[in-house]
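Below is one structure, written out as structure tokens, with a few remarks after it.
The values are calculated or read from the model by the stated rules, or taken from the named source; none is laboratory data. All values derive from a computational prediction rather than experimental measurement. Because the Cβ atoms are built from the backbone with ideal geometry, glycine has one as well, and the counts that use them run over all protein chains shown. Ligands, DNA and RNA are stripped out before the accessible areas are found, and what is left, the full protein with its side chains, is counted by its heavy atoms. Shrake-Rupley method; radii C 1.70, N 1.55, O 1.52, S 1.80 Å.
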Amino acid sequence: MRRPPGLAAVAERAGVSVSLVSRILTGDSGLRVRESTRQRVLRAAADLAYVPHVSGRALRLARAGAIGLVARDVGDPAHAEIIQGARLAVAARGQALLLAGPPEPAAGASALDRLAGEGRVDGLLWLGGFDDDLAARAAAHLPVLLVGDRPRAGVPGIRIADERAAALAVAHLAGLGHRDIGFVGGDAAGDASVRRLAGFTAALRGHGLTVREEWIVSGGWGAADGHAAMGALLAPPGRPSAVVAADVVVCVGALAAARERGVAVPGELSVVAVHDAWFAAHCAPPLTVVRLPLRELGGRAAELIMDGDLDGPAGGHLIDGPPELVRRGSTAAPGPPITG
């Protein structure tokens, strides 16, 4: 027997998220959405002869007074800032923020499914470690917003100006006279890493500098990943005179790799990291960083969930606050070229 069309089919036909379709079709009184979008969803549902699930409607009309946040790594300093922004925004509305890690592959997704499907939270923020299938399943029950990502799998997203941050790092190094600049990325498949790399390469070309693929190394978001990537960049023959690191934690590992190989920072190698953290000013040398509005990102993401205002532009919501260069001791004018 053929299954009737579900929310995902309506969302695809209307060109909006699954969570937005759910809230429109259940008549959520707290939803703020353009009338043209509402009508488009209603037409799509009518065209597909969509029949809402009664128990699902009851769940959506309940108010739990809490927002859930799934974080890839609560110990990551960038994530900590985003979480703090979300916590403050939720508390200002008299609600609670429930924090959870992503499900372990071996454990399955039952806990997350229960959190989303049993009305324990009114919305879900997903920060890093995004899983298309799990987030799409959650979005069938309640509003879900990807934080730091563009929309994926029918789930809306909100991000910061990562491209501009990487471009600002390149502009700083180019202004110091560097022409040979490498890049230490995070997870090569991650949306933030992809966007920072795009900003990096575009900025190099904009300054008339060569993009050298052998000087672009990605691995992951940990210090050990940065250590391994910098080790590859510093291997002979030839090496860059400066490096942009996609994340401050990655940069700490990269800095250690340079120190272990006897490469002086900034005398022989300048280093800039995207994001700031309390420890960046206490590294040896203190790290030059590009600071982004992470707390604002978390706060705005929480507000969008609580307001039901997820219907953003095609590329997702954007926190367009300008990145800020914080110059410390890890950057300087290039020294003599090194070929060994």
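Observations
- Restricting the stretch 279-294 to residues that are under 16 Å from residue 246 (Cα atoms) and in a loop (DSSP other than H, G, I, E, B), the residue that is least open to solvent (accessible area, probe 1.4 Å) is 287.
- Residues of the stretch 247-287 classified as of a type in the set (D, E, K, R) and touching a Leu at 6+ places or on another chain (Cβ under 7 Å), total: 1
- Some residue of the stretch 183-204 being modelled with pLDDT under 95, surrounded by fewer than 21 Cβ atoms within 10 Å (Cβ to Cβ), over 16 Å from residue 329 (Cβ atoms) and β-branched (Val, Ile, Thr): yes
- Count of the stretch 168-195 residues which are under 16 Å from residue 293 (Cβ atoms) and either polar (S, T, N, Q) or free of Cβ contacts under 8 Å to residues at least 60 places away in the same chain (or both): 2
- Within the stretch 137-155, if we keep just the residues that are in contact with a Lys or Arg (Cβ under 9 Å, 6 or more places away or on another chain) and not in a strand (DSSP E or B), the residue that is surrounded by the most Cβ atoms within 10 Å (Cβ to Cβ) turns out to be 143.
- Hey, residue 290 touching a Pro at 6+ places or on another chain (Cβ under 6 Å), within 30 Å of residue 144 (Cβ to Cβ) and in contact (Cβ under 8 Å) with a residue 24 or more places away in the chain or not: yes
- Pairs where the first residue, in the stretch 308-327, is under 27 Å from residue 122 (Cβ atoms) and open to solvent by less than 90 Å² (accessible area, probe 1.4 Å) and the second is assigned to a loop (DSSP other than H, G, I, E, B) and of a type in the set (Val, Ile, Thr), C-beta under 9 Å, 6+ apart: 308/33; 309/33; 310/16; 310/33; 311/16; 311/33
- Test: residue in the stretch 116-123 that is at pLDDT below 75, closer than 15 Å to residue 19 by Cα and assigned to a helix (DSSP H, G or I): yes
- Positions within the stretch 88-100 being of a type outside the set (A, V, I, L, M, F, W, C) and in contact (Cβ under 8 Å) with a residue 40 or more places away in the chain, in sequence order: 93, 95
- Which numbered condition residue 209 fails, given (1) free of Cβ contacts under 8 Å to residues at least 40 places away in the same chain; (2) crowded, with 21+ Cβ neighbours inside 10 Å: (2)
- Search result, residues across the stretch 214-260 that are without any contact (Cβ under 8 Å) to a residue 12 or more places away in the chain and outside any helix (DSSP H, G or I): 235
- Residue list for the stretch 169-182, filter: over 15 Å from residue 330 (Cβ atoms) and either among the acidic types (Asp, Glu) or in a strand (DSSP E or B) (or both): 180
- Residue check, residue 133 surrounded by fewer than 24 Cβ atoms within 10 Å (Cβ to Cβ) and assigned to a loop (DSSP other than H, G, I, E, B): no
- Failed item, numbered, when residue 211 is tested on (1) modelled with pLDDT of 95 or more; (2) closer than 25 Å to residue 76 by Cβ; (3) in a loop (DSSP other than H, G, I, E, B); (4) touching a Leu at 6+ places or on another chain (Cβ under 9 Å): (2)
- Residue match in the stretch 270-278 (condition: free of Cβ contacts under 8 Å to residues at least 60 places away in the same chain, assigned to a loop (DSSP other than H, G, I, E, B), more than 13 Å from residue 169 (Cβ to Cβ) and open to solvent by 10 Å² or more (accessible area, probe 1.4 Å)): no
- Number of the condition not met by residue 303 [criteria: (1) among the charged types (D, E, K, R); (2) crowded, with 18+ Cβ neighbours inside 10 Å; (3) more than 22 Å from residue 196 (Cβ to Cβ)]: (2)
- Helices (runs of 4 or more DSSP H) lying entirely in the stretch 1-77 (those with 2 or more residues that are at pLDDT below 80 and open to solvent by 80 Å² or more (accessible area, probe 1.4 Å)): 54-61
- Any pair with Cβ under 8 angstrom, 6 or more apart, that starts in the stretch 138-151 at a residue that is under 14 Å from residue 315 (Cβ atoms) and ends at one that is assigned to a helix (DSSP H, G or I) and charged (D, E, K, R): 148/191; 149/191; 150/191
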